Each structure stands twice: as C-alpha cells, then as structure tokens.
Amino acid sequence: MTDPTSIPTYKPEVIETKWQKRWEADGLYHADIDPDKPKFYALTMLPYPSGDLHIGHWYAMTPSDARARFKRLQGYNVLFPMGFDAFGLPAENAAIQRGIHPKAWVFQNIEKMRGQLKSMGAMFDWRREAISAEPSYYKWTQWFFIKFFQNDLAYQKEAPVDFCPNCNTTLAREQVQGEDRHCERCGTPVIKKNLRQWFFRTTNYAEELLDFSGMDWPERVQTLQTNWINRSEGASVIFKTTTGDDIEVFTTRPDTLWGATFMVLAPEHPLVPKLTSDSQKEGVTTYQDQAKRMGNIQRESAEREKTGVFTGAYAINPVNNKKIPIWIADYVMMGYGTGAIMAVPAHDQRDFEFARKYDLPIEVVIQPPDIDPIDPEEMEGAVPASGDMVNSGPLTGTPGEIAFEKAVEYLEKHAIGEATINYRLHDWLISRQRYWGAPIPIVYCPKCGAVPVPEEELPVKLPDDVEWLPTGESPLKLHPTWRFTECPICGGEAQRETDTMDTFMCSSWYHLRYLSPYYDEYPFDPKEYDYWMPVDTYTGGIEHATMHLIYTRFFHKACRDLGITRGKEPMLQLRNQGMVLGEDNEKMSKSRGNVISPDDLVKIYGADTVRAYLMFFARWELGAPWNSSGIEGSIRWLRKVWYTFLEPEDTDRQATAQAIKNLRRKVHQTLQSVTRDFENFNFNTIVSALMELLNEMAIAKALGIFSTEAWREAESIYLRMLAPVCPHIAEEIWAQTGYEYSIHNQSWPEVDLEATREEEITLIVQVNGKLRDRLVVPADIDEESAKLAALDSENVQNFLEGKQPKKIIYIPGRLVNIVI
RNA sequence: GCCGAAGUGGCGGAACUGGCAGACGCGCACGACUCAAACUCGUGUGCCUUCGGGCAUGUGGGUUCGAUUCCCACCUUCGGCACCA
C-alpha cells in the first residue's frame, strides 16, 4: 500500500463544505419537541462577539458538540443551541478604539463568528440563535428586572461601591479580583465611590446556593463557590455607646465577649462622624482621608502594621458593663460583617497587635486546657484556641466544647444579641454607567418615586444616537431627549433611569431564551420549557465559577420563587474544559505572537482533523500547550481511515475464523470503552481507542477480511463511533460504502458482550511480587492448573532455587504470585 | 495563612475495582520507496546493564503477597480566597 492511488484522495475541504450545506438544507440538526423521545439539553457557554473565533472556543465547543452528537445517536432528542452575549464593556471598548458604533461592530462580528462556528460542523440548531443585544431579547431581560423589583429582589441603595476608573463604571463584587482588587476586564485597580445603585438580593439565597445536592458539578467549582459565599456561624451583639447609639458587631467567638476591651469601626462606618468627639475630630478626619487615598492595595495586606485613631467615644460591653473605647482602624472593612468589631486582644491576633501598639487593655477570658495559664502581661501573641471560659462573670468555668452555645444562650436571654450566620457574599450590584447594555426599566417621578416601566411598554429601547464615550456619567444621561418621559402612574413629568444593566444579567437566562427566541408573550414558551428544561449538561470555562455560575443559579432560584421557573437548579451537570496554551507554554496572546488560529488550521487540515486533535491532545479538563506537529498525527489517522474503508483489499487470502473472531472482539471491546469514555468526558481516550482499532483493522484487512460480514459490521460500528468526533468524513464514508443517509440519524451500536470475551489470557507470573514470566493460557483456566503452570515455568524455577513457596496468590484471569 | 487541583519517558498523555507501568500520538533513529526530497510504509525507542538482570510513576515513610492507584508526612507547580472579625 505504498501508493494508494486507486481511489480519490481524502479532500476535507471538498467533503466538509458539501455535507455542511446538505445538513443545513435538510434541517438535520433542528431540535423540536418530540414527546416520544427522551430529551437532552446540551448547553455550552455562548461566546462574546469579540470578532474572531479563538482556538479556545473550538476547544470548549468541539467535545461538547461530539458529546451532544453521541447523545443524539443514543436516541435522545438533543437540543444544542448557540448564541451571542453581545452587550457589555469589551464590545464597547473595542468600538471606541475603532471609532465605530458598538452596535455595528458587534453585529458585524456576529456575522463573521457565525460563519466560523458553522465551519466547525457542529450540530447547532441555528433557528434557536439568541443575541442578547437584540430588543426582542433585552425586552425580557428588562421584564425580569421588573419582576425582581416588584418582589423586593431588586432594590436601590447608596453605598460605597467598587468603581473601575478605566472602564468608568461600577462593578459587582465578583468582578473585582486579586490582592490588588483589580477590574476583571481591564486589570485596573478599582476605587470606592459612594453611589446610589441597583442591587439584586443574592444574599437571600446564600444558604441555598451552598447546597449542591443532586448536582453533578465539579468539586472544584463547588469549592470555589462555597469559599466565595464564605458562610460563618457566630453571633451579632449590640453594643450601646455612652451617648445611646447602637453599634452592631458580628463575632464568630461569642465565648470571648467578656474579653472585649475596645471596639473598632471601619473608617467609613456611618456612625463615625456622630461618635467622634470634638477633640478627636481632626485626627479622625485625617485618618479617614488617608484610608480613602490608600485604596485597597496596601490596606488589605495583613503584614502591614496596624494603625488607627481613637474617636473619643465609649461603648458599654453589654455582658460586664465595662466602659470601652471606640477606635477606628483600616483593618476593619466596611464590606464584611457590620463594619464594626468588638476587639478581644487576648484571643485575636489582629486585636492583639492593635492593643499592644496603642497600649489598650488585654483581658484573658479563655484558658485552653493544653496551655499554661495565660498572663496578659507576658503574652507574645493572641491565643485563638478554644478552651474553658475564665473571668467571664456567670459563664466562668464553662468548658470550651459548649462555650459557644452557652454564650449565645446568654446573649439571647438578656436580649443583647443572637446567633447569626454571616456570609461574605454580597448583593449583586447590577448598575453600569455605560452605554452598551440593557437600560434599567425604571422611571423616576418626583411624586411617585421609582416606578417600573409597564410591561406593555417594554422594551425600553437603547437609542442609537448617543455620545457613548465613557465619562463616568451614564451616556444615556447626556442624550438630549431620551430620559424625559411621563410617570406611568400619575402621568406627570418624570425621568428614566440612565444606567444600564450588568451583562451577567443577560447571560443569567440565555438558556431560557434559546427555547423560543422569537416568542413574544413571555421570556420563553412554557411548552418548550416544560419539555427541555433543565439543562442536562453545561460546558464552559472555570473562570465563571464565582460569577456567571453563581448568578445563573441565583436567577433560577429567584425566578422559581416567583413561579417563573421550576426545580432546584437550572443546570444539572457541569464540566469545565482547561486552556489551550501557545506552543511556548504561555497563555496565547497577540502580543506574544503565539496565537493559533482555527481558521488557518481548518484551511490546512480540515475541520475534522482539528476536531479530532483538540479532543485527542490533552485531557479536556486540564488543557495543554499546542503542538503544531502533533496535529499531523490526526490528519494521518483520518487519511488512514479513508483508505482503510474505501480502498479495495489487495490480497487473495481468505480470512480465518480466528481472524474474524479477533476482529469482532476488538470492535466490541472498543465500542465498550468509547461508550464509557463519552459518558465520562474522557475525549482523548476515545480518539486513541479509535486509532488503535483502526490499526488492528488495517492488519486484519491484509488477512483477507474485507469481504466478510464481520468487516461490514466493524465498518458500520467504526463509522458510527467516529461520527460524533469527525462528522464529515464519517458521513462521506458512510455514503460511499453504501449506507443510508444520514449517519447522524443512526442509532448507537449495541455491544455484543459475547464477542468481547477473551479466549486466551496472558497470565502474569510473579515471584515475590516481581514479574518473572507471562503465560498464554485459556481464559477459563482453573486455579489449580494456573498455579501448576506458573510453578512449571522455567524462569520461575530459576528464581525458586529449589525453595518451597510459602504462599501462592491467584487472581483469576490475571496473575499468579509465588511468595517465597 | 486558608481552600482546591496536579506532579508518570525528550513531549502530550494511558493504566476501568490495588494486579504486565508507559496504551495512543508527537518527536527521534534506522530501513523500504524515490534521481533526490516530501508523502507513505516497516522496524526500534524509559534508564542502567557484566545481557543473568537491576532501577524507574515528585520525595520520605506505612499498609499489602503485590501500590501510579490506599494511608501519613513533606516538596514543587498552578488556581482561588485572604487583616473575614
């Protein structure tokens, strides 16, 4: 077979275009409700229309497509939709750079990317495409906002919020990342601004979001979300100031309350101006200004020496009525708990450092059993361990194990505090001071307040004629006429809200819009919802673990409570792919010049080869660096597939019964493992199993097996296993070998268990656990014969050196281990 | 500091329930084909070896007849969180 020219060569560019056209013309991948079939909703994260389909998109989507196709062959009615997350900052920023309108830019990108996506040969049902920036889509994004508003899940408040000075907009807490607290999009460190903004009550669902029961989500994502929500059990306690104000604190150590010798408020705490005495005013204001200027970078570093200022005010420790000073310090954060703490220097390291520096009293109230009696004068650090309560009034002597609950009991009995659970999760800030987003559908009326736009007036359309360059002010505010309107209630003059919504709002429900993108009476057609939801498999990047994947769960649960959606979770199973790095093992980027373009690869190799290689070259969930010569292996494999199935055999030999049996065994064994691997997202071993089987088939073909029934069976099974991975070549060979169109409408082959059975096995013979011989024996060999055969082995005899075996271990079908 | 994941040939990786470590592919070497090269095909390819074998899955222990797999401790890399009260 040195010159396989008897048939036309494999030309992917020809057959791929041909079949893509045919499939589209036939509506092969249309997914419609079919009550007679089990449904399968396979969802993969929708791309941002940034202009070009990246190899990362292919890496994420190809295996998702292959698995959706596998499910389809298994007999499921599979929905595998695609769309574009088209609102938001990146589109707007790119448009600014190019001086072109965001809308024009985004829609021209969508046009291009749709074509690129089609070149993958994926089974997307394009009739269900949804684009979040279309009025028919964001109408319903606005509708959800109004539902949330009407049910107290959306509210406005003035608060210090994170603001990106480069993107010129506020950000949700989740969009601020890293030690330096930078913007998720542009990397600029954020600043705090006091602004009146819209929030969703995600914290209402904090507890429920911690519950992953019944969900097949990666441990990793569960951990990331759990850490992000950061639940801690403790107590809230009210401290009264000597002037009668209440200061609420949260503590995880109510058992140390008797040791609270001072209080610390965050510099931004709203009570600070009121509490500060005249003599301390100057120092306090200076400190506040300094804290503000310093920003979060240095402020949130634990290594920094603690600083603070006395306010001049005092509070009363409610458990022992001691008068304790109130300080402000930047180690207390306004964004966590209540922004105020009771300081217990003996048992908290931060409080200890602070107390030592400013010479504040230290009271020991916990004595851990395994530590010498603690002397406050001699301490070199706080003792945070739990232990028996001491110097704690009526609770003195309470053992460490029950100290927490006894202390809470005491607080509740005396009405000075109660058990509380605190979360780090914040309510979701959804206001954005940018142009390219869905307008928040609220009207401000001087008489009626914040009034939602009536449903029949939705969508509140985003005007095109806006000066959309970001200034920190909402661009819609600068439009000459857009914001002026009438109050929907009283008809008086009123103004529209000019902020737009966070794009994560759009992507929180896109899986619902796919169900019926043209439906105009509701966000989705309830019939479609009843059939398709929930999403069975969701695939996408891990980077959304604490953003999109929390928001969409919240969204679903909130909608469920409003009677819009049903069930505990929107997505039952989640899998995350890893990242394709450049050949230099670095993240791909234009500046590094290590970007791999899928378009170029398709031109050279064809889509099937790119698909196969992306599934083969790494463990999907881990990713790996790209390897340009590695992909050659995939094209070689497909060429070999081509010739092996299409070229007539070149031998006069007649296949023996044994050869036929061997072929069938390998085919059905491979089918077994490929089926299992598809189920488990082990895509790399699917391809390697297919390569291995092909190698065996090529050998079998030389033995004259080509015209047998066994070959015909092998061919049919092989092509159906290949079809999800390489849909074009599989369809082409399927047609050329005389099967009925389309391979993608066939059913997944059944394993013939009888055929998989081995007749002979290689018996491993060990002496003291070390391999000494391999014996080919009948598969059904009994224990006695296996042991005898092992002892009989010449090699074994050499190692026995005439000694008597102490013990002989026999593992049926596998090995004999002789212990001497 | 806390939480999580991963460490296997020159490289990507395989090993289903504790049972042949290195499947499959890349790369490399040699050979065939060719005027030549590419393609294609074939053979070989963990390390050491006195050719008997010995050593090898980050390191060190443990359990076991037997450990890449289970347990303990540690090291390295990556990711997340972090003065979280």
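Values quoted throughout were computed directly from the atomic coordinates according to the rules given, and no laboratory measurement underlies them. This structure is a prediction, so every number in the text was calculated from the model and none was measured. Glycine gets a Cβ as well: all are built from the backbone with ideal geometry, and neighbour counts include every protein chain shown.
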Cα lying deepest toward the dipole's positive end in segment A:129-266, options A:182, A:256, A:218, charges on Cβ: A:182
Can you tell me the orientation of helix A:630-646 relative to chain A, as the angle in degrees between its alpha-carbon axis and the longest Cα principal axis, to the nearest 10? 40 degrees
Kindly count the pairs of lysines across segment A:1-149 whose alpha carbons are less than 23 Å apart, treating pairs on different chains or eight or more residues apart as eligible. 14
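Starting with the fewest neighbours, write out A:751, A:767, A:14 ranked by other beta-carbon atoms found within 10 Å of each beta-carbon.
By the 10 Å Cβ count, ascending: A:14, A:751, A:767.
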What are the residues whose amide H is under 5 Å from the amide H of residue A:773, where those residues sit 5 or more places off or on another chain and H is modelled from the backbone? A:765
When ranked by the protection proxy of mean other Cβ atoms within 10 Å per residue, highest first, what sequence do the peptides A:771-783, A:719-731, A:348-360 form? A:719-731, A:348-360, A:771-783
Counting other beta carbons within 10 Å of each Cβ, put A:575, A:72 in order, fewest first. A:575, A:72
Over what distance in Å are the Cα centres of segment A:727-767 and segment A:470-526 separated? 53 Å
Can you tell me how segment A:136-175 classifies by the Cα gyration tensor, rounded, prolate or oblate, using a/c under 1.5 as the rounded cut? oblate
For chain A, give me the percentage of DSSP beta bridges that are antiparallel, rounded to the nearest 5 percent. 75 percent
Once the cut-off is 23 Å, how many percent of the Cα-Cα pairs in segment A:604-722 end up in the long-distance tail? 34 percent
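Treating the beta-carbon of each Lys and Arg as +1 and of each Asp and Glu as -1, no other charges, what is the dipole magnitude of segment A:86-229 about its Cα centre, to the nearest 20 debye?
680 debye
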Relative to the present Cα-Cα distance, how much length would full extension add between residue A:586 and residue A:401 at 0.36 nm per residue of separation? 61.5 nm
Scattering profile of segment A:137-244 at q = 0.19, 0.20, 0.21 Å⁻¹ [log10 I(q)/I(0), Debye over alpha-carbon scatterers]: -1.25, -1.25, -1.25
Take each of the peptides A:245-257, A:52-64, average the number of other beta-carbon atoms within 10 Å over its residues, and list them starting from the highest. A:52-64, A:245-257
Evaluate the Debye formula for segment A:662-734 with equal point scatterers sitting on the alpha carbons, no solvent, and hand back log10 of I(q)/I(0) at q = 0.13, 0.20 Å⁻¹, in q order, two decimals. -0.35, -0.83
Cα Rg, Dmax (largest Cα-Cα span) when computed across chain A, Å: 34.1, 108
Hey, if you put +1 on the Cβ of every Lys and Arg and -1 on every Asp and Glu Cβ in chain A, which of A:488, A:700, A:756 ends up farthest toward the positive end of that dipole? A:488
Which of the three applies to segment A:38-151, rounded, prolate or oblate, going by the alpha-carbon gyration tensor with a ≥ b ≥ c and a/c under 1.5 meaning rounded? oblate
Just name one of A:64, A:785, A:768: the one whose Cα is farthest towards the positive end of the charge dipole of chain A (beta-carbon charges, Lys/Arg +1, Asp/Glu -1). A:64
In whole Hz, what ³J(HN,Hα) sequence does segment A:458-464 give by Karplus (6.51, -1.76, 1.60; θ = phi - 60°), x for Gly and Pro? 6, x, 6, 6, 7, x, 7
If you stretched the chain out fully between residue A:653 and residue A:233, how much longer would it get, using 0.36 nm times the residue separation minus the C-alpha to C-alpha distance? 143.4 nm
State the extension gain, in nm to one decimal, for the chain segment bounded by residue A:220 and residue A:795, taking 0.36 nm per residue of separation less the distance between their alpha-carbons. 202.1 nm
With the label point 7 Å along the Cα-to-beta-carbon line of residue A:104 and a cut-off under 17 Å to each amide N, the hits in segment A:419-449 are A:436
For residue A:118, placing the label point 7 angstrom along Cα-to-beta-carbon and taking segment A:49-92, residues whose amide nitrogen sits under 15 Å are A:82-83
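Rounded, prolate or oblate: pick one for segment A:183-241, where a ≥ b ≥ c are the square roots of the eigenvalues of its C-alpha gyration tensor, a/c under 1.5 means rounded, and failing that, prolate if a/b is larger than b/c, else oblate.
oblate
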Could you give the size of the charge dipole of chain A about its Cα centre, using +1 on the Cβ of each K and R and -1 on the Cβ of each D and E, expressed in debye and rounded to the nearest 20? 1140 debye
So for R0 = 45 Å, FRET eff. of residue A:568-residue A:359 from the Cβ-Cβ r, to 0.05, ends up at 0.25
Please order A:653, A:496 by the number of other Cβ within 10 Å, starting at the fewest. A:653, A:496
Within segment A:659-683, the residues whose backbone N lies under 12 Å from a label point placed 7 Å from the Cα of residue A:752 along the Cα-to-Cβ direction are A:660-669
Roughly how many Å is it from the Cα centre of segment A:394-445 to that of segment A:642-657, as a whole number? 74 Å
Tell me, what ³J(HN,Hα) does each residue in segment A:380-391 have, in order and in whole Hz, if you take phi through Karplus 6.51 cos²θ - 1.76 cosθ + 1.60 with θ = phi - 60° and put x for Gly and Pro? 10, x, 5, 10, x, 5, 8, x, 5, 7, 10, 6
How large is the charge dipole for segment A:676-795, taken about the Cα centre, if only the Cβ atoms of Lys, Arg (+1) and Asp, Glu (-1) carry charge, to the nearest 20 debye? 480 debye
Given the -39500 (n - 2.57) contribution per DSSP H run of 4+ residues, what per-residue ellipticity at 222 nm results for chain A, rounded to the nearest 500 deg cm²/dmol? -11000 deg cm²/dmol
How big is the Cα convex hull of segment A:359-459 in projection, averaged over all directions, in nm²? 14.7 nm²
For the Cα atoms of chain A, what angle does the longest principal axis make with the long axis of helix A:709-722, in degrees from 0 to 90, nearest 10? 20 degrees
Degrees, to the nearest 10: A:135-150 long Cα axis against longest axis of chain A: 40 degrees
